[in-house]
Structures are given as structure tokens and as C-alpha cells.
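J.: One structure follows; several queries about it will come next.
Bear in mind these aren't lab numbers, they're just calculated from the coordinates by the rules spelled out. Every value quoted in this text rests on a predicted model; they were computed, and no experiment measured them. Positions of Cβ are generated from backbone atoms using ideal geometry, with glycine treated the same way; all protein chains shown enter the neighbour counts.
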Amino acid sequence: MTTETETLLRAGKRPLPRRRAGAGLSTLRSIGKHILLSAAAIVMLYPLIWLVVSSFKPNADIFRDLSIFTTNLTTENYVNGWNDLQHPFGTFLLNSALIAFGAILGNLVSCSMAAYAFARLKFRFKNLTFALMLGSIMLPFQVLLVPQFLIYKELDWLNTFLPLIAPKFLATEAFFIFLMVQFIRGLPKELFEAARIDGAGQVRSYFQITLPLIVPSLATTSIFTFIWTWGDFFGPLIYLRLPELFPASLALKGFLDAQSSSDYGSMFAMSVVSLVPLFLVFLFGQRFLIKGSATSGIK
């Protein structure tokens, strides 16, 4: 013990802890990492910020001044964008919502049932069927595009929402099935054994035990389905021809005209409006995304 420390102890004072060697260097590294991450975030967010700012600019200024700092702002683009198409833009937002919520319902019902079967039931060729199901994830959707189109044409489903919703009720989303299978396999087996002893069958075990316990994975499925369906452009482009059935993603194309002038200001304004539901869903659902992914074996 040094003389200085002894003096402090006699005076009733505790000696100050020695600063660890390298603590200053660690702090500098931490500050540097935060600066780099902040710079990367600004770079990634710049296109979105530019889109929002451009939605308030007159058409003549959008591409003439690419800066996000401007004083010549107007809300005219939002008024024109909402009313300039054949139908109010709210009609297209409603169509997007109908398709998205129909797809969500289909995925929740069919994928949870398929996942329960793979995780809890015993049947022949179970492992082979599960492997084929996982293999379908690697199958490009373009391979099935023509056969599906011909089937829906024979069923007279073109110009309806059925081609975009009905397949979801047939457990066609292998990713969500795998997500729920991993979650169900993590549930205590004792719960299902106790339910079987009490006389509960598979249907009761599915509804009263499995579904309440896999809420995080159901929420994750709902969020991903909403995001993917809301922004889908290719599917509605193939199956829908009537403008009153267009979702918002397809209606935005109406502001562009290759033969005359395009209304970029209105298109940017309605693009911002279309992004608001996605932003809100992700904002309020991100905790379910993290919990659902972390507890299902997906890293």
C-alpha cells in the first residue's frame, strides 16, 4: 500500500480507482463506431428523405434541384395525386388493404395448421414431405407463373382478388411454415402430454394450446405477409386489368405516361402515402419480429 493511499484511508476517504489502461482507446473506438453507423444510416435514409421532400416540390423543381434543403414547398401534389386518377387514391389503398388482410388470414390459418402437422403429428413420408416443402423455397416463382395463370383463367378468376388471396389458404408459403414448425418444436412436450391425458384431441391441442403459445410467430407471419403483399407489383399486374381493382402499388404507374408529361410530384406524394401503413406496421410490430425470429431458431 502506497503512502498516498494510507494517508487517504487515515483521513476517512476512499482512494479513487485507477483508470484501466486502454479505457480511453476503447472509448475512442466506440465513438468511431457510432460515427460510422450514423453516417451509414444517413446514406441509407437519404433516398427516403429525398422522396418525402420531393413530394412537396413543384414538378419543375424536382429534378432541377436534387437537394433536400428547399423553401419552395407546396401541398398541391397530395391534392392532385389523390384525385387525378380515374378513381380517388383511397380506392387503391382499400384494394391493397383487402388483398393484404386476405393474404394474412390465409397464411395464418393454413401455415399454422401445416406447421402443427409437421411438428406434432406422425404420418408416413413426413420427413420427405417436409424436405420437399423446404425445397420449394428455392423454386423461382417465374417457373409457376404460366401454369398458375392458365389455371386461374380456366377458373374465371382473372380480374378478381382470388389469384392473390386463395393460394395463401393452401399453405404455399414454406418460409412461414418453417418458422412456425421451429417455434412449435420449442414448446414443452409436457403440455401436449397433459392435454392428451385430459382427453384433448389434436384439434383441441391445436386451438387451445398451440395457437396461444405461438403468438410471436403468428405476429411475425402477419407482418411479413403485410409488407410483401402491400408492395407487390408483379402479381396484380398479371391478374388485374380493371383500374378499380388496382392496389396502390399498381395505381402509382398511372402517374407515368411515356407519350406525354409524367406527374412525378403526384406520384411521389402518393408513394409517401402508400409507405405510411408499412412504416406504422413495422414501427409497432418490430418487437414481434425480433421475438418471433429469436425464439424460432432463425438467426
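J.: With a/c under 1.5 counting as rounded, go ahead and sort region 72-177 into rounded, prolate or oblate using the C-alpha gyration tensor (a ≥ b ≥ c being the square roots of the eigenvalues; past the cut-off, prolate if a/b is larger than b/c, else oblate).
T.: Cα axes put region 72-177 in the prolate bin.
J.: Once both labels are modelled 7 Å past Cα along the beta-carbon direction, what's the Leu155-Ser26 spacing in nm?
T.: A separation of 6.1 nm, rounded to one decimal place.
J.: If you don't mind, another one. Give the residue from Ser217, Ile104, Ser67 lying farthest towards the positive end of the charge dipole for the chain; charges sit on Cβ (+1 for Lys and Arg, -1 for Asp and Glu) and the dipole is referred to the Cα centre.
T.: Sorting the options by dipole projection puts first Ser217.
J.: Using only the Cα atoms of region 176-299, build the gyration tensor, take square roots of its eigenvalues as a ≥ b ≥ c, and label the shape rounded, prolate or oblate: rounded if a/c is under 1.5, else prolate if a/b is larger than b/c, else oblate.
T.: Since a/c reaches 1.5 and a/b is larger than b/c, the shape of region 176-299 is classed as prolate.
J.: So what's the net charge close to Gly106: Lys and Arg +1, Asp and Glu -1, counting the other residues with Cβ under 15 Å from its Cβ?
T.: Numbers: positive: Lys168; negative: Glu173, Asp232.
Combined, the nearby Lys, Arg, Asp and Glu give -1.
J.: Subtract the Cα-Cα distance of Leu237 and Arg204 from 0.36 nm times their separation in residues, and report this length gain in nm to one decimal.
T.: 7.7 nm
J.: Across every pair of different alpha-carbon atoms, what Kirkwood hydrodynamic radius in Å does the chain reach? Could you put the intermediate results ahead of the total?
T.: Numbers: mean 1/r = 0.0417 Å⁻¹.
When all Cα pairs of the chain are included, the Kirkwood radius is 24.0 Å.
J.: What 222 nm value per residue comes from the helices of the chain, counting each DSSP H run with n ≥ 4 as -39,500 (n - 2.57) and dividing by all residues, nearest 500 deg cm²/dmol?
T.: Taking each H run of at least 4 residues, the total per residue is -20500 deg cm²/dmol.
J.: Same structure, new question: Got a sec? How would His87, His34 order by Cβ neighbour count within 10 Å, fewest to most? Before the final figure, lay out the partial values.
T.: Details: His87 15, His34 10.
Arranged by neighbour count, lowest to highest, His87, His34 become His34, His87.
J.: Taking a ≥ b ≥ c as the square roots of the eigenvalues of the Cα gyration tensor of region 33-89, is the shape rounded (a/c under 1.5), prolate (a/b larger than b/c) or oblate?
T.: Cα axes put region 33-89 in the prolate bin.
J.: How do the peptides 106-116, 52-62, 206-216 rank, highest first, by the average count of neighbouring beta carbon atoms within 10 Å per residue?
T.: Put in order of decreasing packing, that is 106-116, 52-62, 206-216.
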